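As structure tokens, the structure follows; a few thoughts come after it.
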Amino acid sequence: LDQGKSWSPPLALEPETPPESAYSTLLKTPAGRVYAFYNHNTASVREIPGPGGKPVKRVDCLGHFVFRYTDDHGKTWSSRRYEIPMRETQIDRDNVTQGKLRIFWHVGRPLAQRGAVYLPFSKMVGISNLSRSESYFLRSDNLLTERDPEQIRWTTQPDGEAGLRAPAGIIAEEPSLVALSHGTLCCIYRKAA
């Protein structure tokens, strides 16, 4: 409230105990509502298959893409979280759970462009530094104007069975979107050497 000279105590959107939540990014709408988008291990899965069949206990990159919102500049947040539907693609069916769970993460900033919002994220086949991954975007054409969170529309892009892939290698993660001056969207993402 004093332009950053001091800060209020942190306010947790989710408990610090399981199920895990991670990788939150924020977006403020023209009306002042602020959305927090993040991963949520809603089913509280405790492990998934890893390389060589050894269980992996890292579970912060699986489950559901969700959001909460605030209409009072972060003093209070919606009492519940809302799930963003994520279309199944081939990489989900190829993942270590055969599509039973979405394995993904989200660290790229949301982009508002020409009335739509884009949330960049990456889907993976497993949770390791060498898991094949592809980059995707969740797009809403009405998030900036719709006040009822149940009425927000979402599509997974690109269309089809595959996301953005690295020209060489198997990693396409941490996508970041920018809008060029003529309206074209440009995506930059990390790949493995």
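The values are calculated or read from the model by the stated rules, or taken from the named source; none is laboratory data. In this text, all values refer to a predicted model and were calculated from it rather than measured experimentally. Positions of Cβ are backbone-derived with ideal geometry, glycine not excepted, and every protein chain shown enters the neighbour counts. For accessibility, only protein heavy atoms count, side chains too; no ligands or nucleic acids. Shrake-Rupley method; radii C 1.70, N 1.55, O 1.52, S 1.80 Å.
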Just give me the residues in region 54-92 being at positive phi and open to solvent by 20 Å² or more (accessible area, probe 1.4 Å), in sequence order. His73, Gly74
Within region 14-44, which residues are closer than 16 Å to Asp71 by Cβ, surrounded by fewer than 17 Cβ atoms within 10 Å (Cβ to Cβ) and aliphatic (A, V, I, L, M)? Leu26, Ala31, Val34
Would you mind telling me which numbered condition in (1) out of contact with any Pro (no Cβ under 6 Å at 6 or more places or on another chain); (2) more than 21 Å from Val59 (Cβ to Cβ); (3) in contact (Cβ under 8 Å) with a residue 60 or more places away in the chain Asn142 fails? (3)
With respect to Ala116, is the statement that it is among the hydrophobic types (A, V, I, L, M, F, W, C), touching a residue at least 40 places away in the same chain (Cβ under 8 Å) and under 16 Å from Ala31 (Cα atoms) true? no
Would you check which residues across region 141-156 are of a type outside the set (A, V, I, L, M, F, W, C) and open to solvent by less than 90 Å² (accessible area, probe 1.4 Å) and list them? Asp141, Asn142, Glu146, Asp148, Pro149, Thr155, Thr156
Can you confirm whether Pro51 is touching a Leu at 6+ places or on another chain (Cβ under 9 Å), loosely packed, with under 10 Cβ neighbours inside 10 Å and in contact (Cβ under 8 Å) with a residue 12 or more places away in the chain? no
For region 157-187, name all the residues that are of a type in the set (Asp, Glu) and surrounded by 10 or more Cβ atoms within 10 Å (Cβ to Cβ). Glu161, Glu173, Glu174
Filtering region 114-140 down to residues that are aromatic (Phe, Trp, Tyr) and open to solvent by 10 Å² or more (accessible area, probe 1.4 Å), which residue is nearest to Ile48 (Cα to Cα)? Phe137
Please report, ordered by residue number, the strands (runs of 3 or more DSSP E) entirely within region 58-141 with at least 1 residues that are modelled with pLDDT of 95 or more, in contact with a helix residue (DSSP H, G or I) (Cβ under 6 Å, 6 or more places away or on another chain) and of a type in the set (Lys, Arg). 116-124
